[in-house]
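The values are calculated or read from the model by the stated rules, or taken from the named source; none is laboratory data. Computed from a predicted model, the values in this text were never measured in an experiment. Glycine also receives a Cβ, built like all others from the backbone with ideal geometry; neighbour counts cover every protein chain displayed. Remember, those area values only see protein heavy atoms, side chains included, never the ligands or the DNA or RNA. Shrake-Rupley method; radii C 1.70, N 1.55, O 1.52, S 1.80 Å.
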Amino acid sequence: MTSAIDTEHGRRTYSAYAHPLWRRLLVTRESAIIGLLFLVVIVATFAVPNFDSPLTLTFLIREIAPILLIALPMTLIIITEEIDLSVASIVGLSSVITGLGVQAGWPLPFAAVVAILVGTVAGSINGALVTFVGLPSLAVTIGTLALFRGIAVGLLGTTAISDFPEFWTDLTRMNIPGTPMPLIIVPFLVLAIIFGVLLHFTPFGRSLYAIGLNKEAAAFSGINVGLTKFWLFVMSGAVSGYAGVYFTLLYNNARGDNATGLELQIIAAVLLGGVSIFGGRGALPGVIAGVLLIGTLSSALRLAGVTSDIINVITGVLLVASVVSASFLAWLRTKRVAAIGRKKGRAEASDG
Amino acid sequence: MTAVDTKPAAGNPVLRSIGHVLKARETGIAIALIAVIVVATVSNPNFLFSSDGFRDLLLTPSLLMVVAVGQAIVIITRNVDLSVGSVLGLTAYLTGRLFIDIPGIPPVLVFVAGIGLGALLGLINGALVAFAKVPALVITLGTLYIYRGINVAWTGSDRINASDLPAGFRDLGTGEFLSIPLLTIFAVVVLVVAAWYLRNLRSGRELYAIGSDPAAAHLYGLRVNRRVIGAFVVSGALAGVAGVLYAARYGTVSSSAGLGLELQAIGAAVIGGVAISGGVGSVWGAAIGAYLLLTINRALPIVGIQDFWQRAVVGVLIIGAIVLDRVLAVRQHRRLIEQREEKP
Amino acid sequence: SDGSSDGGSSDGGDSSADVSITMLPKNLGNPYFDTSTGGAEEAVSEIGGTFEEVGPSEASPTSQVQYIQTAAQQGVGGLIVSANDPEAICDALDEARSVGVKVVTFDSDTNPECRDLFINQATAEGIAQVQVDLITEQIGDEGQIAVLSASANATNQNAWIEMMEAELAANHPNVELVEIAYGDDDDQTSFDKTAALLQTYPELKGIVSPTTVGIAAAARYLQTSEYKGEVALTGLGTPNQMREYVEDGTVTAFALWNPADLGYLAAYATAALISGEITGAEGDTFDAGTLGSYEVGADASVLLGDPYVFDADNIGDFDF
Amino acid sequence: MVQTSTSASAAPPALELSRVVKSFGAVVALSSGSLTLEQGSIHALIGENGAGKSTLVKIVAGLYRRDSGDFRLRGEEVDFSNTAQSKAAGIAVIYQEPTLFPDLSVTENIFMGRQPTNRFGRIDRKAMRTEAVEIFERLGVRLDPDRLTEGLSIADQQIIEIAKAISLDARVLIMDEPTAALSGVEVERLFAVARSLRDEGRALLFISHRFDEVFDLCDTVTVMRDGKYIDTMPISDTSIDELVRLMVGRDVTEMFPKLPAEIGEDVLVVDGLTSTGVFHDISFTVKSGEIVGLAGLVGAGRSEVVRAIFGVDHYESGSVQVNGQPLRKGRPTASMAQGIALVPEDRRKQGLVLDQSVTRNVTLAIRKRLAKWGLIWGGLENASAEIWASRLEVKTAALDAEAGTLSGGNQQKVVLGKWLSTEPKVLIVDEPTRGIDVGTKAEVHRLISKLAQDGLAIIMISSELPEVLGMADRVLVMREGRLTGEFDRADATPEAVMFAATAEGAAA
Ligand SMILES: Nc1ncnc2c1ncn2[C@@H]1O[C@H](COP(=O)(O)OP(=O)(O)OP(=O)(O)O)[C@@H](O)[C@H]1O
Ligand SMILES: Nc1ncnc2c1ncn2[C@@H]1O[C@H](COP(=O)(O)OP(=O)(O)OP(=O)(O)O)[C@@H](O)[C@H]1O
Ligand SMILES: [Mg+2]
Ligand SMILES: [Mg+2]
């Protein structure tokens, strides 16, 4: 059939890209955030006493590991123009399940697997409500935020379980031998690569961007929009469940109110990393840099004796500034295109 | 074809029953609320029939109700205001500071200051949402952090104690008129004014129009930006006044006043039938939602459920409410299509 | 134990020359801890060192961990902590100690292995005793009482409540403890919980709130309710918060130690640890400025003294 | 009947536009729009799809701001920056697409933003309702003023739009294809109202693709083509043939280069497809090499049928078979695997992801096929996109240009490329030439013709009758969700098809 379409005219050739590689790589939101991250690290190294200690890195990674982990599926979800506000509650629920399991005498790996499964089920409840019932994810996950947290707190009251096997808590806190890098970085990197490849190098990833930008066109292109979203919520639940186990072992503490409020930090970091809340835009490297940026900034500020409230203000300002600047830049661009269009229109008019 | 044969509504039972179902949205949760009160009262008559019980039943949800009314107005325009808890915290602390720093300041001025600060913070939200064309969720998430941070930085480890506030002012928080708490009276006045406004003034109806279809609102020439900013200002001002009342009611204000209130307020609105996608619902629903939320909270221990489970119940309520709305909407849609089909 | 500790411990060794102390209360914005911090600050300025107060805005163990880690990174000489959980912050404290930070707990202890010294405000027995004495006296030694505590896993409150229950069972058979409610050291929660208690138990004669946030919130509720003067309230509170309620008769008497003294003593003890004057072994003695000399007791703990009872006659003499 | 009452030719025209330019990014929608609307007359504006009629209307409404050109209202220069201003100036507009608030009642939709109020600013609901009922009576429709507009048929929605415009009591009334969804009775009512408005001295602008209506109602006519003003004349001085020639700019027949194709076996068999309230008992077959045209008025349900066949919509009963294999319903992936491709009617909403590059758009439907070991590489995508871009001669600087920046015709080519790259056996094209220029149109026609020659089974939906008649081997006609006619190429006269498409059989 191809022969039918070959026109008698000579074939045109096209350049694949309008701009050279370096420009495509460097002039992006992601590189801006990565650049900002480096700037903060450099300034802090010189200006903040003790920031250059290897402990800084250890503590930083440990503390933000749950955010790093959950930011991965959250990125995919926001790219499809949905949101999951219930992740922190799933962390809390998974933490409580781990604790109850250990209290009941289960071996820790078994308790952990059960906790991750519970997280996965929680995620699939979100997914089912969004996909099959057709509800907005914002409303659904505000509901399950309360529900999952409520179950966690209900199961354990405000008591805590804190007698976890030392082997596992030590393992959680261990560094990669000879480095100040905590061991959690290994599963994180594995997941980051999986999610990165999934998002940027698979047909599945392509469909996520299409869904985020235009659901209808995605459906007309043979993408099963509902099912895709369902799986994303399941992934988010599973990863949150895993983060809950990690959280529990790191602090040697299973409580229903663990990780309260973490969802907003995660979403703030993802948005700061260049993912558009309107969906369809963003990349994982930017998100990881966004998480690291907020983490490093607060770590440096804390070391410099700045109180946590100022750190919160800075997080908020960064978030607002990043979205406002993005929309300002977009506005400038449409102005420019419109100006070109007007010139063209007038030229055409004077021809006619 | 179609239009000519459409029967007028008065005689159309299908349409009328749809109207009833729609109205039942508020009635439904009002019944749920009454059921909760009845069950709790049967378990323990003091829940309703002691003077404190009666007072707390009316009093406890009043503050949330004021905030939820503001939240509902914002949600009706297809936006959301996550910063209300932080705004409440700031104005509550401002209230205490004013009484401490300006001895003898008339409470009226404090109210004005609280409302003013709340409105200003709401204006910032609204202006960013309207002019930067950024979703309210992101903006108000940012200002949630910012306002709370400013609050903590300002408060430090200070706190307002009951003894810092004049007794006359605190009476507002606990006082009664004809055995109805003043706060409840105030909240109901706010509710009635807001409901009247949304139903009877053009600008109120325009809020629904904007939430129902922002693009169409633009085509109609409605002043979308102005209305959206207005909604945020109202939400901020109501959170502000709630902050002043918080100080009056609880006497103690620390930097964590109002923490987490935003989700309760959104929850109340959603339970009350205010659709998160805008254009649908009423402040009545949000107010009843607020009462239901907090009354369940108080009733659970009385009927023997540990109140730890309260949040889970709230979650189930929210999800139940939105699923119910969805089911009703789908059924209505199907009925309307079938109705079209029936016509010759 | 891990790679990072080598780099850190040399830092810690250096800084032990001068006295730098960080104070980490359960949460900020709590007048009780404000007072203890004030005492500690005074002590440090007497000794001649640097002092800093850090802390989370809500009392949760995981948020305390960050501040412990920061102190370890900064290589401060000593860290004074009131623990939100006896276990959860243990590992972080261990890590801080492994880089040379001296860890002193006050007010609320962790497991003894996780710290160098505990500054005990009063023995648990003493605190339980004084509260039981106060409430039974106020209700005429019979009837229902309830406890309004902090969070359900607050170490010291739980220890006191346990001893109060034992004391009640042993010596006050006509007094029934009907419920232990938890206000989470949150003002609003405690306030609403008081309301719930009064409604749930119409026969209630008294409430004991062994936490300063709880007792103030409960007093405020009682003050305007029909139960004022009917239901007795006592527990642990600060004079400034309770003054009004004692003066108007909502509350007759309550107890507390002087938190300023507690902070003051903790700072002196920490300085003594940093300088090597004491190691935390039983029998070590050190000088605590205006408070005089103290001796380290069993389990590496130092006892401040007996709790003090405040009532309408003496409350005017105190300002904290 | 040209009005003698047009009180002296001295009165300035109600509305006057000259050499108005409007562009959207790279697309020039209007390069020289001119129009003069006299008071007390009804003026028709005609032109092909995409000629710029709606754009002109939106400029008058204040929805778009013109880039340059003159705009006078009763002789005075005006420049509206929002629709409230144009309303205040006495201009009422019925837009082509109904724009209603689904969650509000019919009455509120009519009066939103200018509800009757009492002295204290309180909305007078009773007065509002009475006024709505009066307008409906005047229009001769019985629509429940209290019901929500959600779920109303397109026709009813259009009625509300008309009621809205009439209630404004405006001096200039602009109607952009108000009759597209209306039946004969309603159209007559509307015309009666329009004439009485004219007799009151108001100016009306009427846009329609139905010539019979134009000749029936209007006094003068302006023709536009490719964003430009072509000519204005009294309706009595012209004929359909002349208007068509002016609209198209050349002889119509050469637009449809139909190539001889060998018609083979049944490829697509549709049997008894039904979806309540949308379409009923639709049965037809398409053979290889055959082009089946699907004609009907807008809203007849043609798009719904092909969407159900492709699987983006569900249907209740009936079946679809491709080459004898039954097709799973509601599964576009299954349909694509069986070789069905659907080029949807709304390329901006359904066909393209406007914010993504040409490459991503062209390869979206074949992304799974391009993947090697489950992974997809930019190079493969670019290569595949380049093949189709050059075969279809897409005009773009680079393949990573966002699809939204291309002109309408080039966007249509990208959608075609996207679906041709799936190597379909059945190609369904819904309004394939909507909004593309004359040259490209012929090219698309040639392409479709060649694909048929190559053995594809093709369904072509088009609202342009000449296009269907020029291209199709067989024409199916739909009206109100039912198949009402089937004609072989030889029998498919415009009159016959129009008769089947409209109950009345009014033919152009
Ligand atoms: N908002 C927009 N952005 C980009 N291009 C647009 C926009 N609106 C219209 N166009 C383009 O401008 C041209 C003129 O469109 P317009 O809607 O005015 O045509 P029309 O004459 O009303 O056609 P029809 O008869 O199909 O309604 C088309 O090519 C269209 O694709
Ligand atoms: N009662 C209705 N309520 C809401 N939308 C409707 C209704 N009837 C039709 N529509 C929508 O109007 C549009 C036009 O209808 P449809 O697609 O059936 O017409 P068509 O015959 O394909 O005509 P065309 O393709 O020329 O627009 C469709 O998008 C359809 O979903
Ligand atoms: Mg048009
Ligand atoms: Mg169609």
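The set of residues in region B:286-305 that are part of a helix (DSSP H, G or I) and over 19 Å from B:Ala242 (Cα atoms) comprises B:Ile296, B:Asn297, B:Arg298, B:Ala299, B:Leu300, B:Pro301, B:Ile302. Against the definition (under 22 Å from A:Leu69 (Cα atoms) and open to solvent by less than 10 Å² (accessible area, probe 1.4 Å)), how does A:Thr169 come out, yes or no? Yes.
Only one entry in C:Thr224, C:Thr234 is farther than 29 Å from C:Ile119 by Cα and either open to solvent by less than 50 Å² (accessible area, probe 1.4 Å) or modelled with pLDDT under 85 (or both), namely C:Thr224. State yes or no: is D:Leu327 away from ligand 1 (no atom under 16 Å from the Cβ) and in contact with a Phe, Trp or Tyr (Cβ under 6 Å, 6 or more places away or on another chain)? No, not satisfied. Within the set D:Ala51, D:Ala84, D:Ala92, D:Ala44, the sole residue that is within 16 Å of ligand 3 (Cβ to nearest atom), not aromatic (Phe, Trp, Tyr) and not in a loop (DSSP other than H, G, I, E, B) turns out to be D:Ala44.
At least 2 residues being at the interface with another protein chain (Cβ under 9 Å from one of its Cβ atoms) and surrounded by fewer than 23 Cβ atoms within 10 Å (Cβ to Cβ) is the threshold, and among the helices (runs of 4 or more DSSP H) wholly inside region D:354-441 those reaching it are D:367-370, D:378-391.
Kindly state which strands (runs of 3 or more DSSP E) lie completely within region D:259-298 and contain at least 3 residues that are within 15 Å of ligand 4 (Cβ to nearest atom), open to solvent by less than 10 Å² (accessible area, probe 1.4 Å) and assigned by TED's automatic domain parsing to the domain that holds D:Thr484. Talk me through it step by step, then tell me what you get.
Numbers: elements: D:266-275, D:279-287, D:291-296.
Correct list: D:291-296.
Look at (1) more than 24 Å from the chain's Cα centre (by Cα); (2) within 14 Å of chain A (Cβ to nearest Cβ) and you find that B:Gly221 fails only one, number (2). Scanning region C:105-131 for residues that are without any contact (Cβ under 8 Å) to a residue 40 or more places away in the chain and in a helix (DSSP H, G or I) returns C:Glu113, C:Cys114, C:Ala124, C:Glu125, C:Ala128, C:Gln129.
Looking at C:Ala255, C:Ala266, C:Ala272 in this structure, which one is at pLDDT 85 or above, more than 22 Å from C:Thr50 (Cα to Cα) and open to solvent by less than 20 Å² (accessible area, probe 1.4 Å)?
Details: C:Ala266 fails: more than 22 Å from C:Thr50 (Cα to Cα); C:Ala272 fails: more than 22 Å from C:Thr50 (Cα to Cα).
After applying the criteria, what remains is C:Ala255.
If you check D:Gln157, D:Gln115, which single one turns out to be open to solvent by less than 10 Å² (accessible area, probe 1.4 Å), polar (S, T, N, Q) and either within 30 Å of D:His43 (Cα to Cα) or over 25 Å from the mean Cα position of the chain (by Cα) (or both)? Write out each step before concluding.
Numbers: D:Gln157 fails: open to solvent by less than 10 Å² (accessible area, probe 1.4 Å).
Answer to the selection: D:Gln115.
In region D:81-103, the qualifying residues are those that are in contact with a Phe, Trp or Tyr (Cβ under 9 Å, 6 or more places away or on another chain) and farther than 15 Å from D:Val172 by Cα, and the one that is nearest to ligand 1 (Cβ to nearest atom) is D:Thr99.
Residues satisfying the criterion are absent from region B:129-148 (criterion: closer than 27 Å to B:Arg226 by Cβ, open to solvent by 30 Å² or more (accessible area, probe 1.4 Å), touching a Pro at 6+ places or on another chain (Cβ under 7 Å) and not in a helix (DSSP H, G or I)). For region B:209-225, which positions are touching a residue at least 12 places away in the same chain (Cβ under 8 Å), assigned to a helix (DSSP H, G or I) and open to solvent by 20 Å² or more (accessible area, probe 1.4 Å)? Within region B:209-225, B:Pro214, B:Val224, B:Asn225 qualify. Kindly provide the set of residues from region D:465-474 that are within 14 Å of ligand 2 (Cβ to nearest atom) and either among the β-branched types (Val, Ile, Thr) or open to solvent by 40 Å² or more (accessible area, probe 1.4 Å) (or both), ordered by number. Residue satisfying the conditions is D:Val468 alone. Among the conditions (1) farther than 23 Å from D:Pro12 by Cβ; (2) within 14 Å of ligand 3 (Cβ to nearest atom); (3) not β-branched (Val, Ile, Thr), D:Ala61 misses just one, which is (1). Across region C:189-216, the number of residues qualifying as within 20 Å of C:Val246 (Cβ to Cβ) and touching a residue at least 60 places away in the same chain (Cβ under 8 Å) comes to 11.
Hand me the list of helices (runs of 4 or more DSSP H) wholly inside region A:1-103 holding 3 or more residues that are more than 30 Å from D:Gln453 (Cα to Cα) and at pLDDT 90 or above.
Values: elements: A:2-5, A:21-26, A:29-47, A:54-79, A:87-103.
So the answer is A:29-47, A:54-79, A:87-103.
Residues of region C:101-136 being within 12 Å of chain A (Cβ to nearest Cβ) and more than 13 Å from the chain's Cα centre (by Cα), which ones? Of everything in region C:101-136, those that are within 12 Å of chain A (Cβ to nearest Cβ) and more than 13 Å from the chain's Cα centre (by Cα) turn out to be C:Val101, C:Asn111, C:Cys114.
Conditions tested, residue by residue: (1) surrounded by fewer than 24 Cβ atoms within 10 Å (Cβ to Cβ); (2) of a type in the set (Val, Ile, Thr); (3) modelled with pLDDT of 85 or more.
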residue	(1), (2), (3)
C:Ser36	no, no, yes
C:Ser45	yes, no, yes
C:Glu58	yes, no, no
C:Ser63	yes, no, no
C:Ala72	no, no, yes
C:Val76	no, yes, yes
